[in-house]
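Worksheet for the structure shown next.
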Amino acid sequence: MRVNLRKFLIIGICVICAWLLFSYTTYNIRSYFSLSKDSSKKSLVELETRLEKLQEQLDDDVSWGNKLLNKMKHHLKKQNEKQFVIEQDSIIDIKSLNPILPVLVIACDRITVKRCLDNLVKFRPDKETFPIIVSQDCGHNATYQMIRSYTDSDPTISVVQQPDLSEIPLTRAKAKFKGYFKIARHYRFALNYIFRHLGHEAVIIVEDDLDISPDFFEYFLGTYPLLLRDPSIWCISAWNDNGKKELIDINRPELLHRTDFFPGLGWILRSETWDQLETKWPEAFFDDWLRDPRNTEGRSCIRPEVSRTYSFGKVGVSKGLFFDLHLRYMQLNGEFVEFTKLNLTYLIKDVYDDNLTSLVAALPESSAEDVIMGYGTGPVRVVYSNAKSYQRAAKKLGLMDDFRSGIPRTAYRGIVTCFIKGRRVYLAPSYEWTKYDPNWG
């Protein structure tokens, strides 16, 4: 950025000087021919008047040039100061932190937890940095024995069983959702165990039906410093809710985004954030509860362009419906990205917000229909004005069109980005966005 701004400054100065020289030469040439032609008719007074006007014009040009130059210097100074603050305050050497990021596996009664554990063990780069802790609910013995086969052979893998297996008293209307009540209770126990009993500072949370990408651990290790530096970020997720192959740029596995919609499905949480959440933890549907800005203080998460997890759990509390409609089509990243070597400061709130707002505002507008038909090239903006127009456009583009607390999936400041037919598409509000409307959806 600094190099480009300096080039811009040098080019600007050269343009100003060339323009002044051209103006001066033009005036002199015109004056010369005019004087030669009418020398016998023009008086000395008229000549002096012309010279005075020329001097005034040149003074105005110099004044204008100086003002432009000062503006450019001021802009350069502001950009350099902003960049300096970002570089000094936001880039953290992950090696100097030497973090311990345990992986919490939430398990119940699926012996397919073996597939999840096999992948975690296969791709885990360091046992000390990433100890694996399985928390099991449900009291299912076959699943417990499967987990024990790992803990017995590796001391960095451990298991704890949720002690409260009692039935939760529910009304008839809520009885059909008892699985969601038990999941929320289990999460509360497991996170308290990680933070309060074991004393860890942060934890990576996965469920027992998740596959992971080869760079899953590298992803969290590289993005973890963002949680420490940017107070507007409360979680890092490995999941893109609109992560189908036809909606992402598969050639940009390093690309990350901010989102106001909690993605889940492989995410990292800090102890201090859990302290804020635990006191008001819900009885059920904790994931949707985390999507309400009132519960997360309006903060955001980081998500990838290409998901680092894939759910293979067709059997579960959702009865496979969500899997058949969406999850089975998600794209799992296969390329290893060295996130610990990347500069991720573009995700810092002030930088990201400014860039996104100015970028989207400058884009040409198109319709969802034209995007799908392949008309045009380059990034484009598709606008919506209300919940219905959003859903119409989202369906046409192939995006998930539901809301939680008025927030569309993957949205940030009302903007949902995807990649369709080789071009970046921004589904954006037609009005100046200030907040989400909880009545949407």
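The values are calculated or read from the model by the stated rules, or taken from the named source; none is laboratory data. Just so it is clear, the model here is predicted, and its values are computed rather than measured. Backbone-built Cβ (ideal geometry, glycine too); neighbour counts: all protein chains shown. Accessible surface areas use protein heavy atoms only, side chains included; no ligands, DNA or RNA. Shrake-Rupley method; radii C 1.70, N 1.55, O 1.52, S 1.80 Å.
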Any idea which of K341, K319, K314 is over 15 Å from P263 (Cα atoms) and modelled with pLDDT of 95 or more? K341
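Go over the candidates A387, A362, A368 one by one and state the one that is in contact with a Gly (Cβ under 7 Å, 6 or more places away or on another chain), more than 19 Å from N240 (Cα to Cα) and modelled with pLDDT of 95 or more. Before you say what the answer is, go through the steps one by one.
Working: A362 fails: in contact with a Gly (Cβ under 7 Å, 6 or more places away or on another chain); A368 fails: in contact with a Gly (Cβ under 7 Å, 6 or more places away or on another chain).
That would be A387, the only listed residue that is in contact with a Gly (Cβ under 7 Å, 6 or more places away or on another chain), more than 19 Å from N240 (Cα to Cα) and modelled with pLDDT of 95 or more.
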Criterion violated by F336 - all others in (1) open to solvent by less than 60 Å² (accessible area, probe 1.4 Å); (2) outside any helix (DSSP H, G or I) satisfied: (1)
Would you confirm whether any residue within segment 215-235 is surrounded by fewer than 22 Cβ atoms within 10 Å (Cβ to Cβ) and on the phi > 0 side of the Ramachandran plot? no
Pairs please, first residue from segment 414-433 and farther than 16 Å from V306 by Cβ, second anywhere and among the charged types (D, E, K, R) and open to solvent by less than 10 Å² (accessible area, probe 1.4 Å), Cβ atoms under 7 Å, 6+ apart in sequence or on different chains. none
Can you give me the number of residues within segment 115-137 that are in contact with an Asp or Glu (Cβ under 9 Å, 6 or more places away or on another chain) and either outside any strand (DSSP E or B) or open to solvent by 30 Å² or more (accessible area, probe 1.4 Å) (or both)? 9
Those residues of segment 356-378 which are among the hydroxyl-bearing types (S, T, Y), under 20 Å from L256 (Cα atoms) and either surrounded by 14 or more Cβ atoms within 10 Å (Cβ to Cβ) or more than 21 Å from the chain's Cα centre (by Cα) (or both), in sequence order: T357
Could you tell me which residue of segment 340-355 is least open to solvent (accessible area, probe 1.4 Å), considering only residues that are among the charged types (D, E, K, R) and over 18 Å from Y224 (Cα atoms)? D353
For segment 146-189, the count of residues that are closer than 25 Å to E128 by Cβ and in a helix (DSSP H, G or I) equals 6
Unique match (being open to solvent by 30 Å² or more (accessible area, probe 1.4 Å) and closer than 27 Å to D211 by Cβ) among I268, I250: I250
S358 fails exactly one of (1) part of a loop (DSSP other than H, G, I, E, B); (2) polar (S, T, N, Q); (3) more than 29 Å from D288 (Cβ to Cβ), namely (1)
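Take segment 379-426 and flag every residue that is in a helix (DSSP H, G or I) and surrounded by 18 or more Cβ atoms within 10 Å (Cβ to Cβ).
Residues of segment 379-426 in a helix (DSSP H, G or I): 387-397.
Result: Y390, Q391, A393, A394, L397.
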So which residues in segment 328-378 are closer than 27 Å to S311 by Cβ and without any contact (Cβ under 8 Å) to a residue 24 or more places away in the chain, if there are any at all? R328
